[in-house]
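Here's the structure we're looking at; comments come further down.
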Amino acid sequence: MKSLAETPVTALKGAGPRVAERLVRLGIHTVEDLLFHLPFRYEDRTRIVPIGALRPEQLVVVEGEVLAADVVFGRRRSLLCRIGDGTGVVSLRFYHFSAAQKNNLERGARVRVYGEVRAGGSGLEFYHPEYEVARGTLAPLEKSLSPIYHATEGVQQRLMRNLMAQALTLLKQQPPRDLLPSDVLQQSSLPTLQTALQKLHTPLPDDPVDMLLAGEHPAVRRLVIEEMVAHQLGMLSKRAGQKAQSAPVMKPDGLRKKLLSALPFSLTGAQQRVIQDIDGDLCQPSPMLRLVQGDVGSGKTLVAACAALNAIANGYQVALMAPTEILAEQHLRNFLHWLTPLNIRVTWLVGSLGQKARREAYSDMADGTAQVVVGTHALFQDAVEFNQLGLVIIDEQHRFGVHQRLALREKGRRGEEVPHQLVLTATPIPRTLAMSVYGDLDTSVIDEMPPGRQAIDTVVIGEARRPQIVERIRNACLQGTQAYWVCTLIEESEALQAQAAEDTVQALQIALPELTIELVHGRMKPKQKAEHMARFANNEAHVLVATTVIEVGVDVPNATLMVIENAERLGLSQLHQLRGRVGRGAEKSYCVLMYSGRLSETAQRRLHIMRDTNDGFRIAEEDLKLRGPGEWLGTRQTGDMAFRIADLMRDEAWLEPARDTAEVILKKYPNHVQPLVKRWLREGDDYADV
Ligand code: ADP
Ligand code: MG
C-alpha cells in the first residue's frame, strides 16, 4: 500500500484534477500534506445548550419546538420563528426565506439550530442560522469539535471537511511512520504523529481548544518540533555537504602585519578574536562558511581585509560583494587605501560600468591580474570568470538571498574545490532566529566597538522646530564637522523622494549660504552619485542631503550630526543603520529624528527605542517584536525558511530543543534524516541544492 505521503489528494473522493489544482495553492499535494493543513478554529456542535442559558455572542447548538413562525413587517420583511425548550424561548430570524421554508417550520416541529446568538429586536435571536427540522429523529450530535479550515476559492469548507474525514480514515488504516524516535517523544511527553493529527482535526469537547490554537498543546507541539527538526536537519545536511567539499588551504602571512602596522590604530580585541576564527577556518582544506556579526561601526571591513590578505598571500583571488554601488564603493575606497601600498591590485565591477571598463575588469579577473574584485551583483553574472577565486566576502548578507551567495561561490568552483565564504552583517539577528536563518554558517561576533566611540545622543523632535535644527547644522559645520540630512521615502516613489531631497537642498542652501551642500539620491547617474559622495567624504562639502540610499556602509568619520526627516516612516533597523553613519570618529555625535504630524503608537515606540538605546541587538529584538520575523527578515530570507506549522515567534522556545533532537537523529537514527527532510521541506527548498 502507498504511504499517505505518496498518495495524491486525487485518491480521495471529491478531489478531481480541478480541486487538486486548487489545493496546490494551499501547498497541499498529498494526503499527508492535507493532514498537515490544520484547522484555525473549532466549533462546538457536540452538546445542546438549554435555551434559558444562552448568552449573546455564543456559537451554540440549541434544540426546541417551534412555537410560532410568522412573517413580520418591521423595517424589513422577515420570517420570525420562535422556538422553546421549556427553559426559555429564542427566535430565528430570516430576511431571505421561501414559502417552503416557512411551511417547514410549522408549529410543533422539532428543530435543531446552530449559530451565533445575538441580542435582537425580539430578545435573543439567531440570524440566518443553520438548522435542521426533525423528520422522525434528529441526527446524532457530533462527537468531536468541528474543525474550520482555511479554504480557498473552489474548495469550500464542506469539501475540505469531507476530504479531511477521508484522510483521517486513511490515517487510521495506515499510520504514517513516526520519524521522531520514541525516546525523544517520551522524554518530552509528546504524542505520536497519528495521535497528534487525530487530536488536531477532531478534538473532544473537553479538550483545551485555546491551547490547541495557541500552539501550547502537546499535539501541536509534536508537529512544530518535528517540522523544526526537519529544517535543522536540512540545514545540517546542507552544511555537511558543503563541508565535505574541498577548499584551498590558506595560511596567514606577513602581509597582514604590514597592513596593520600602517594603520593609525590597532585592532580591537573582538576584531582579533574574529580574525583568529577566520584564520582557523582558512587553514582547513574544507570551505569556510562564517558569518561575522558586528554592530554598525564595529570595524567589519578591516576584518574582511585581513581575511582577504590570507587568500592573496596564497595566490588566490578575493571577491567582495555588497548590495549597493554606494556600499561597494565605500569598500573599494577602503581596500584601495589599505592594499595599494602593499602592491595589491584591486578591481571594480558594478552594473553601471561602461563597456570598456567592464571588458577590462573581466579580462583582469579572468587572467588573475585582479587580486581583489569589489562590486555588486555584477560579480556573479554569466560573463564573469575568475582565474583562482579563493575567498568570497559578502557584506550585508540580509540583502542577498542564499541563492545569490551560492551563485558567487559557484564562480570559483574548480572541480571539487570551492572558495571559502565570509559573510558580514550589521543586522544582529537574535540567536534563535539566527539558528533558522543562518543555521548553516558558523558565527563570530564583533562585540566591541573601537575605543573612543561615544554613544550617539538622539533626540526626537517635531517638524515645527526645523529652524532650530538648521541652526544646529550651522553650528556643527562651522566647528569643522559635517552633517547628513536624510529625506525618507515618500509613497514608495524614488522620483518623489529624489524631488524631496532636491527641495531640501535648495531650502538648506538658502538658510545656510555659508555652507556647501551636496546631494545624492537613487535616481542620479552612478558616476554623479559617486562624485558627490566623494566630495562629502573628502570634506569638500559640509552637508550631505541624501535619500535612504546612504543607509548602508557609508563611512565618513568627520560627520557627527545626522538629521532624519519623517523618521516616523522608517523601521527600527533602517533607523539604526542610518544613525550608524555618525558616531564613527572620536567626536561626540548626534542624531535628530524629526517627525511630522501625529505619531501612531508604534511610530512613537520606535522613535523612543531609538532615543533610549544605541545597542543594535536591543534594537533588533524590539524590531522583531514589533514586526514579527516574516517582515523583519524580508521576503528573500523568509522564502528560504517557510514553515508550515511552526511559527518562529510563537514557537521560538522549541528551536533549541529541535536543534538538539536533530543532532541526536543524525547520530542515532541516520535513516530518519531523508524521510524527515522529504516530509517537511518542499522540493526546491534551498537545503536540497548543496
Ligand atoms: P562596519 O562594521 O559598520 O562595517 P567599518 O568597517 O566601516 O564598520 O568601520 C568603521 C570605522 O572604524 C572605519 O572608519 C574604520 O576604519 C574604523 N575602525 C575599524 N577598526 C578600528 C579599530 N580597531 N580602531 C579604530 N578604528 C577602527
Ligand atoms: Mg560595513
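The values are calculated or read from the model by the stated rules, or taken from the named source; none is laboratory data. Keep in mind that what you see is a predicted model, and the values were worked out from it rather than measured. Positions of Cβ are backbone-derived with ideal geometry, glycine not excepted, and every protein chain shown enters the neighbour counts. Only protein heavy atoms, including side chains, enter the accessible area calculation; ligands, DNA and RNA are left aside. Shrake-Rupley method; radii C 1.70, N 1.55, O 1.52, S 1.80 Å.
Brief remarks follow.
- Put simply, the Cα atoms of the chain extend 100, 65, 45 Å along their principal axes, the longest span coming first.
- Cα centroid of region 556-598 to Cα centroid of region 84-112, whole Å: 67
- Annotation: amide H-H contacts under 5 Å for ALA68 (H modelled 1.01 Å from N, sequence separation of 5 or more, or interchain): ARG82.
- Shape call, region 329-371: gyration tensor on alpha carbons, a/c limit 1.5: oblate
- For the chain, the solvent-accessible area works out to 44 Å² per residue, with a probe of 1.4 Å and every protein chain left in place.
- Whole-angstrom gap from region 191-211 to region 1-35, using each part's C-alpha centre: 22
- Net charge dipole, the chain: roughly 940 debye, given to the nearest 20, about the Cα centre with Cβ charges of +1 for Lys and Arg and -1 for Asp and Glu.
- In this structure, the amide hydrogen of THR488, modeled 1.01 Å from its nitrogen in the peptide plane, lies closer than 5 angstrom to those of GLU565, counting only residues at least 5 positions away or on a different chain.
- Calculated from backbone phi, Karplus (6.51, -1.76, 1.60) coupling profile of region 213-218 in Hz, x at Gly/Pro: 6, 8, x, 9, 8, x
- For region 516-547, no residue has its backbone nitrogen under 13 Å from a point 7 Å from the Cα of ASP503, taken along Cα to Cβ.
- Summing charges over neighbours of ALA319, with a neighbour being any other residue whose Cβ is under 10 Å away from its Cβ, gives +2 when K and R count +1 and D and E count -1.
- On the beta carbon distance between GLU663 and ALA214, with R0 = 22 Å, the FRET formula returns roughly 0.20.
- Within straight-line cross-link reach of LYS143, lysines at Cα separation under 27 Å, skipping those fewer than 8 residues along the same chain: LYS13, LYS172, LYS199
- For region 259-341, applying the loop criterion from DSSP together with a ceiling of 15 other beta carbons within 10 Å to the chymotrypsin sites (Phe, Trp or Tyr not before Pro) yields PHE265.
- With the whole protein complex present, SER146 retains an accessible surface near 10 Å², based on a 1.4 Å probe.
- A cut-off under 12 angstrom between Cβ atoms defines the neighbours of VAL71, and their net charge, with Lys, Arg +1 and Asp, Glu -1, is +3.
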